[in-house]
Amino acid sequence: MHIILKGARAGGVATHHIISIGDFDRSAIDRLLDHAQQIEKKKYNKNALDGKILAVLFFEPSTRTRMSFEAAMARLGGTSISVSSVEACSMSKGETLADTIRVVSGYADAIVIRHPKEGAARLAAEFAKVPVINAGDGAGQHPSQTLLDLYTIRHSMPIDGIDVALVGDLRYGRTAHSLASALSLYGVRLHTISPPGLELPPSLAASLAEKGMEIIMHTDIAEVINDVDVLYVTRIQRERFPDSASYFNVASSYRITPELLAGAKKHLIVLHPLPRVDEIDPRLDASPHARYFEQSKNGVPVRMAMLLDVMG
């Protein structure tokens with residue numbers, strides 16, 4: 001099963017949480033993505049979550065994830081209540097995350113949480129009496145982003161056996177961590193390109209290797225760009241670095257340009273979880289390879305499917 005079962009709601013119904021992409025097996029991922037595809041075709045009940053309330057607890061900045069969850073809830077007939085920062089809630093007064101979750105569980109039918117500390121979402125699930133969805137926990141996991149990434153790839157090609165390159169901050173990049181884990185279920189060959197010190201965490205690389213995933217490290221995008229089917233680019237995340245000097249040492253290490261993609265496969269797609277800084281040349285936006293804005297849009301049907309999964 002793809003969902004952690006914790007406790008029980010009224011009536012003895014199990015509470016379902018989505019905390020990590022590791023909570024999913026392949027069949028569960030495919031079912032959810034199939035459901036999202038039906039939703040995208042307008043084949044869903046617009047009042048499915050009428051009367052339901054989603055609590056959106058974001059303790060880190062967000063545009064796409066937050067707004068797409070809120071849009072998803074609205075399209076299903078539900079409503080959202082939110083907290084946008086630690087300063088805006090009683091945690092600024094010293095309240096623990098556990099107590100905040102206990103309180104919010106009394107106001108809403110599900111909680112979406114983003115938090116700067118890895119493991120915060122799993123902690124929230126331990127104290128919540130309603131479903132919890134992890135919208136990003138530090139350098140940990142970002143399962144909803146991974147699901148929409150897979151959904152976007154599926155729109156262009158079958159996922160099985162393709163070559164995927166992860167570029168940028170692979171040490172702190174939770175989107176890269178989650179995506180790599182999910183791709184291991186599809187027999188994908190993984191290529192990694194990152195600045196020194198920002199390589200894929202050894203523990204994650206070892207775990208993927210144990211699952212039979214082939215991982216090839218590169219130092220230059222040019223040496224692999226013509227061989228891959230998906231180029232997944234991430235920004236160097238300044239907020240994850242201990243100091244500015246460490247960040248500026250690796251900032252702007254890579255830049256994807258139309259010239260770089262001149263010899264790429266015709267079906268290559270370029271993805272990016274956004275926001276981008278300068279790692280993708282804006283001239284690439286007009287290229288048929290560029291799919292990052294489509295990728296962002298896909299967050300709505302995928303997150304609608306997730307909300308229906310835990311609340312429907």
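Numbers below:
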read-out	value
Highest-first arrangement of 169-176, 40-47, 212-219, where packing means the average Cβ count within 10 Å	169-176, 212-219, 40-47
Net charge of Cβ neighbours under 14 Å - reference Asn226; Lys, Arg +1; Asp, Glu -1	-4
Fraction of beta bridges assigned by DSSP in the chain that are antiparallel (%, nearest 5)	10 percent
Highest-fluctuation residue, Val83, Val300, Val164 considered, GNM on the chain with Cα pairs under 10 Å	Val83
Local electrostatic count at Thr65 - Lys and Arg +1, Asp and Glu -1, tallied over other residues with Cβ under 9 Å	+4
Selection from Ala180, Phe59, Val132 lying farthest towards where the dipole of the chain points positive, charges on Cβ	Val132
Selection from Tyr292, Pro116, Leu76 lying farthest towards where the dipole of the chain points positive, charges on Cβ	Leu76
Vicinal HN-Hα couplings computed from phi for segment 68-77 (Karplus, 6.51 cos²θ - 1.76 cosθ + 1.60; Hz; Gly/Pro x)	6, 5, 5, 5, 4, 5, 5, 5, 9, x
Charge dipole magnitude, Cβ of K and R +1, D and E -1 - segment 38-183, Cα centre, debye nearest 20	420 debye
Dipole of the chain [Lys/Arg +1, Asp/Glu -1 at C-beta], most positive-end residue of Met213, Val310, Thr146	Val310
Label assignment, semi-axes √(5λ) of the Cα gyration tensor in Å derived from the structure, set (i) 32, 22, 18; (ii) 63, 24, 17; (iii) 48, 37, 20	(i)
Helical contribution to [θ] at 222 nm, DSSP H n ≥ 4, -39,500 (n - 2.57), averaged over the chain, rounded to 500	-10000 deg cm²/dmol
Ile133 long-range amide H proximity, modeled H, under 5 Å	Ile18, Ile111, Val112, Ile113
Mean separation of Cα contacts under 8 Å, 6 or more apart, over the residue count of the chain: relative contact order %	19 percent
For Gly161, net neighbour charge (Lys/Arg +1, Asp/Glu -1) across residues whose Cβ lies under 10 Å away	-2
Assigned charges on the beta-carbon of Lys, Arg, Asp, Glu; the chain dipole about Cα centre (debye)	1000 debye
Nearest 10 degrees, 0 to 90: helix 26-40 Cα axis against the chain principal axis	80 degrees
Mean separation of Cα contacts under 8 Å (6+ apart) over length of segment 155-235, as relative contact order %	42 percent
Cα long-axis angle, helix 174-183 against the chain (0 to 90 degrees, to the nearest 10)	80 degrees
Cα centroid separation - segment 254-312 against segment 148-173, whole Å	10 Å
Peptides 264-277, 124-137 ordered by average Cβ neighbours within 10 Å, highest first	124-137, 264-277
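Laboratory data are not the source of any read-out in this text; all were calculated from the coordinates shown. Bear in mind that the values here come from a model prediction, so they are computed numbers and not experimental data. Virtual Cβ from ideal backbone geometry, glycine too; neighbours counted across all protein chains shown.
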